[in-house]
Amino acid sequence: MPSFPCPSPYVWTEDFRTFYNNVDNEHKGLFRATFSVSAFPNSRRALAILQQVMAQHFCNEENMMLSCQYEGFPPHKAAHTEFLGRLNGLVAPVAQSDIDYCKQWLVDHIKTIDFSYRGRL
């Protein structure tokens, strides 16, 4: 997967738009939750919120794909499952390398895998 620059500060910007308001709003929440873990790596609550909002977003996005019979569903679902497994394995305090991985994964995932479904759901 190509690697894109992470925004600084780590916030959702217009160049992450999928043009689905519900998905874009959820992505904004994922950026906020990831930033919170970055700002408070010792916080079990911040980590739990990130894990929760990520799992809920993946579920919502996957349901959209299934309802439209999106042909890219299997690899997209696999990417979600792999990332969620890694995310759910984290414990506070979260290591900086894990925070950096999560930040970069979200940026790259949206700009490559999510962008591939724009206009198709």
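The values are calculated or read from the model by the stated rules, or taken from the named source; none is laboratory data. What you see is a predicted model, and the numbers here were worked out from it, not measured in a lab. So basically every Cβ, Gly included, is an ideal-geometry build from the backbone, and we count neighbours across all protein chains shown. Each accessible area value is taken on the protein alone, full model and side chains, heavy atoms only, with ligands, DNA and RNA left out. Shrake-Rupley method; radii C 1.70, N 1.55, O 1.52, S 1.80 Å.
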Given the residues Thr13, Thr34, Thr18, which is the only one that is under 20 Å from Val107 (Cβ atoms), surrounded by fewer than 15 Cβ atoms within 10 Å (Cβ to Cβ), among the hydroxyl-bearing types (Ser, Thr, Tyr) and modelled with pLDDT of 95 or more?
Thr13
Could you pull out the residue among Ala39, Ala46 that is open to solvent by less than 20 Å² (accessible area, probe 1.4 Å) and not aromatic (Phe, Trp, Tyr)?
Ala46
Residues in the range 104-120 that are touching a residue at least 24 places away in the same chain (Cβ under 8 Å), within 11 Å of Ser3 (Cβ to Cβ) and either outside any helix (DSSP H, G or I) or open to solvent by 10 Å² or more (accessible area, probe 1.4 Å) (or both) total 4
Of the residues in the range 65-99, those that are part of a loop (DSSP other than H, G, I, E, B), touching a helix residue (DSSP H, G or I) at 6+ places or on another chain (Cβ under 8 Å) and open to solvent by 40 Å² or more (accessible area, probe 1.4 Å) come to Val91
Among the residues that make up the range 89-100, is at least one of them of a type in the set (A, V, I, L, M) and within 27 Å of Glu14 (Cβ to Cβ)?
yes
Out of the range 52-83, which residues are of a type in the set (A, V, I, L, M, F, W, C), out of contact with any His (no Cβ under 7 Å at 6 or more places or on another chain) and under 18 Å from Arg120 (Cα atoms)?
Cys59, Met64, Leu66, Cys68, Phe73
